Structure formats: structure tokens, C-alpha cells
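Worksheet: one structure, shown below.
The values are calculated or read from the model by the stated rules, or taken from the named source; none is laboratory data. Being a predicted model, the structure only gives us computed values, none of them experimental. Cβ placement follows ideal geometry from the backbone for every residue including glycine, while neighbour counts extend to all protein chains displayed.
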Amino acid sequence: MKTTRIIVDKNVNNSKNYEQAVDLLKNGEVVAFPTETVYGLGGIATSDEAVAKIYEAKGRPSDNPLIVHIGTIEEIDRYVTDISEKAKKCMATFWPGPLTIICKVKPNVLSAKVTAGLDTVGLRMPNHPVALQLLRQLGEPVAAPSANRSGKPSPTEGIHVEEDLQDRIPLILDGGATGIGVESTVIDLTLQQPTILRPGGVTKEMLEEVIGPVLQPTHIEQKAGAPKAPGMKYTHYAPNAPVYLIAKDANEISKAIEELHEQNKKVALLAPDSYEDVAADYFFSFGADTQQDMALHLYHALRACDATDADIVLATITSMDGVGSAIMNRLEKSAGGNWYKVK
Ligand code: TXA
Ligand code: MG
């Protein structure tokens with residue numbers, strides 16, 4: 001299958017651009033499209049055929065459920081029941097936006113493959129003009145995981161989708177680089193205590209202002225318990241070379257690189273712009289030294305390592321406040337929890 005990538009201008013509401021995508025989706029095909037977090041690989045969520053194609057194109061394990069994307073708030077009653085007051089508040093405050101809300105699913109409406117056998121489903125209304133235009137023109141719920149091959153960093157540019165899914169899907173709507181760079185926050189509001197299953201663009205602090213106390217288990221705590229978001233148990237966001245975390249300390253990084261060079265290893269360093277002069281073999285920037293920039297550049301930098309012959313990747317860390325907890329969640333996974341220890 002040949003993959004077409006068409007450039008859609010975010011600022012031009014031209015329904016013609018979307019017709020091809022809508023037709024494909026209505027025929028049970030899959031289409032990649034931008035959201036404000038990362039690119040998604042969408043198929044109509046009521047179609048077994050379409051949802052099966054999503055899992056197949058990604059190489060995704062079938063026990064990992066998909067998020068359902070909607071274009072209007074009115075349609076939620078078609079898919080979910082027992083929507084709590086807290087869920088309603090979150091929808092009103094954060095939608096459209098990077099928040100996925102786990103609700104109780106209505107039986108026999110969505111494809112059973114979407115929920116992977118759970119009695120809940122994650123809903124989200126993305127805040128991206130291309131995604132919203134597509135969803136509204138289609139008028140159907142769209143199941144969409146990130147549009148990468150399973151295990152790879154999520155795509156933040158149309159070209160990343162092409163790298164991973166070339167000839168596996170018919171169409172990519174390319175709306176340029178996404179705005180946030182890490183995936184949506186997943187919050188489970190069917191539990192006794194609101195619980196963040198995956199940190200993301202909407203932070204714990206932001207949620208607590210609206211619904212009061214929210215639990216956010218750490219990566220380690222999540223690993224110890226039964227995985228609530230099934231996706232959390234798989235290796236993720238990993239370039240081919242092993243990733244090691246390191247403190248944002250020029251001295252420490254220089255020593256690490258020296259040691260690795262003594263072992264004849266080539267090093268890719270992922271760090272903010274100001275570390276560019278440290279003598280790594282390859283340098284991929286996290287942008288300015290802010291969490292916003294780091295979120296925006298993280299997946300691009302991780303992906304870029306695969307175009308090099310680096311033997312090891314060193315990635316600098318950030319603090320756990322704000323969107324930092326989402327960044328560290330992804331970085332710890334890509335590193336399998338490994339830190340570089342200077343001897
Ligand atoms: O920002 C995003 O959320 C992007 C864009 C495309 O919307 N999508 C995304 O989807 O990241 P995906 O499939 O890569 O990640 C969905 C995560 C997985 O960890 C999955 O296990 C979890 O959400 N999840 C989905 N449905 C769930 C459910 N009913 N209960 C618990 N976890 C669920
Ligand atoms: Mg994903």
C-alpha cells in the first residue's frame with residue numbers, strides 16, 4: 001500500500017482537504033492526523049475492521065486499549081454511562097485539550113477491540129484545528145493511538161509518521177509539528193480516588209484546582225502494582241541504542257563521555273542547547289532549558305539517535321513539577337530506569 005502525505009494548513013478551514021480522509025475512514029481504513037500532543041493513527045471506533053487495522057499497522061499488542069477521540073461534547077452519552085460530576089467538570093475545563101478521561105463504557109456500541117476487554121474507555125477531545133475539523137466533518141468517534149510503530153517514540157511531526165508507517169497506511173494528514181510534544185494525561189475517574197494513569201499535558205496541579213485531590217503513582221509504584229493503563233507495562237519511547245539518564249551537570253556529563261570514549265563507545269547526548277559544546281559524538285537538543293521546550297523536543301531527539309551509529313544515548317533529566325512528571329515518565333521508560341554512574 002502506498003502512503004500519501006498531504007499538507008493541511010492549520011489555518012485554512014478547507015473541507016476539500018479533509019474529504020479524502022473522511023472517505024477512507026468511512027470505508028474502514030486508517031488515517032494519521034495531528035493533535036496538539038502527538039500524531040494519532042485513527043480509525044472509526046465502532047468498526048472492528050478499522051480498529052483491527054490500527055493494531056496491525058502499529059504492531060501493537062491487542063491487550064492495550066485505544067483512546068476514543070470526539071469532536072463535540074454532546075456525543076459522549078452515546079459511548080459512556082455514569083459520568084461523574086468530577087468527569088463533567090474536567091470535560092468543561094480541559095476540553096478540547098490534552099486530557100483523556102476514563103469512563104464507564106456503554107456495552108455494544110464501540111468495537112470490543114477498542115477497550116481490549118475492559119469495561120471502561122478513555123475519551124478525549126483534542127485541541128488541534130486539523131483534528132477537530134476531521135472529527136466534526138466525519139461525525140463519528142475515532143479510536144487513535146499515537147501513530148508510531150509500537151515501542152518507538154511517539155511522532156510529533158508528519159515525517160515521523162512516514163518513517164514508521166510508510167506503506168502500512170494509506171494517508172497522513174500533515175499539519176506540521178505538534179504543539180505540546182508528549183501525550184495527553186490519562187485520568188481514571190471511575191475509581192474511588194481520581195488517579196492519573198499517565199502524566200501528560202494537563203498536570204496534577206491543574207487537575208487538583210478543579211476536582212480536588214488526585215493520586216499520581218510514580219513510575220516505580222506503577223511497576224509494582226497491577227498496571228491500570230495496560231500500555232504502561234510495555235517498553236516505550238526507545239531508540240535502538242540504550243538510553244541512560246544523567247544529571248544536568250556539565251562536569252558530570254564530560255566525565256561520562258570521557259569514560260565512554262575510553263571504551264571506544266560513541267555517545268549521543270540529549271540535553272538543552274547550552275550543552276552543545278560538551279564533546280559528545282552527536283548532540284540532539286532539548287531546546288531552551290525549559291520544561292515546555294523539553295516536552296516539545298523530547299521525541300524528536302530520541303528518534304534522531306536512530307539515524308546515527310551511537311552506541312549509547314545520554315539524556316539529561318528535569319524536575320518532577322508541572323509537565324516535568326510527564327517528561328520524566330517517558331524518559332525513565334526509554335531508559336528502562338537506567339542512570340549513568342560516573343566511576
Ligand atoms: O495524546 C494522546 O493521548 C495521543 C493522541 C493521538 O491523542 N494518543 C495516545 O494513545 O497516546 P496511546 O494509545 O498511544 O496511549 C493510550 C494510553 C495507553 O497507555 C493505554 O493503555 C491507556 O491510554 N488506556 C486507554 N484506554 C484505557 C482504559 N480504558 N483504561 C486504562 N488505560 C487506558
Ligand atoms: Mg503511544
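For region 17-52, a residue qualifies if it is touching a strand residue (DSSP E or B) at 6+ places or on another chain (Cβ under 6 Å) and more than 13 Å from ligand 1 (Cβ to nearest atom), and the qualifying residues are 21, 24, 25, 50.
Any idea which of (1) in a loop (DSSP other than H, G, I, E, B); (2) more than 13 Å from ligand 2 (Cβ to nearest atom); (3) in contact with an Asp or Glu (Cβ under 7 Å, 6 or more places away or on another chain) is the one residue 149 doesn't satisfy? All conditions are met except number (2).
Residues checked against (1) more than 26 Å from the chain's Cα centre (by Cα); (2) among the acidic types (Asp, Glu):
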residue: 247; (1), (2): no, no
residue: 287; (1), (2): no, no
residue: 303; (1), (2): no, no
residue: 306; (1), (2): no, yes
residue: 322; (1), (2): no, no
residue: 342; (1), (2): yes, no
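Filtering region 172-186 to residues that are within 10 Å of ligand 1 (Cβ to nearest atom), more than 12 Å from residue 327 (Cα to Cα) and assigned to a strand (DSSP E or B) leaves only 186. Per the conditions (1) under 14 Å from the mean Cα position of the chain (by Cα); (2) among the basic types (Lys, Arg); (3) closer than 15 Å to residue 98 by Cα, the sole criterion not satisfied by residue 204 is (1). Residue under question is residue 156, and the condition is that it be within 17 Å of the chain's Cα centre (by Cα), of a type in the set (Ser, Thr, Tyr) and surrounded by 24 or more Cβ atoms within 10 Å (Cβ to Cβ); does it hold? In short, yes. Quick check on residue 122: is it at pLDDT below 95 and either over 26 Å from residue 21 (Cα atoms) or in contact with a strand residue (DSSP E or B) (Cβ under 6 Å, 6 or more places away or on another chain) (or both)? Judged against the criteria, residue 122 is not a match. I'm trying to understand the selection: among the residues of region 162-171, which are touching a helix residue (DSSP H, G or I) at 6+ places or on another chain (Cβ under 8 Å) and part of a loop (DSSP other than H, G, I, E, B)? Those that are touching a helix residue (DSSP H, G or I) at 6+ places or on another chain (Cβ under 8 Å) and part of a loop (DSSP other than H, G, I, E, B): 168, 169, 170.
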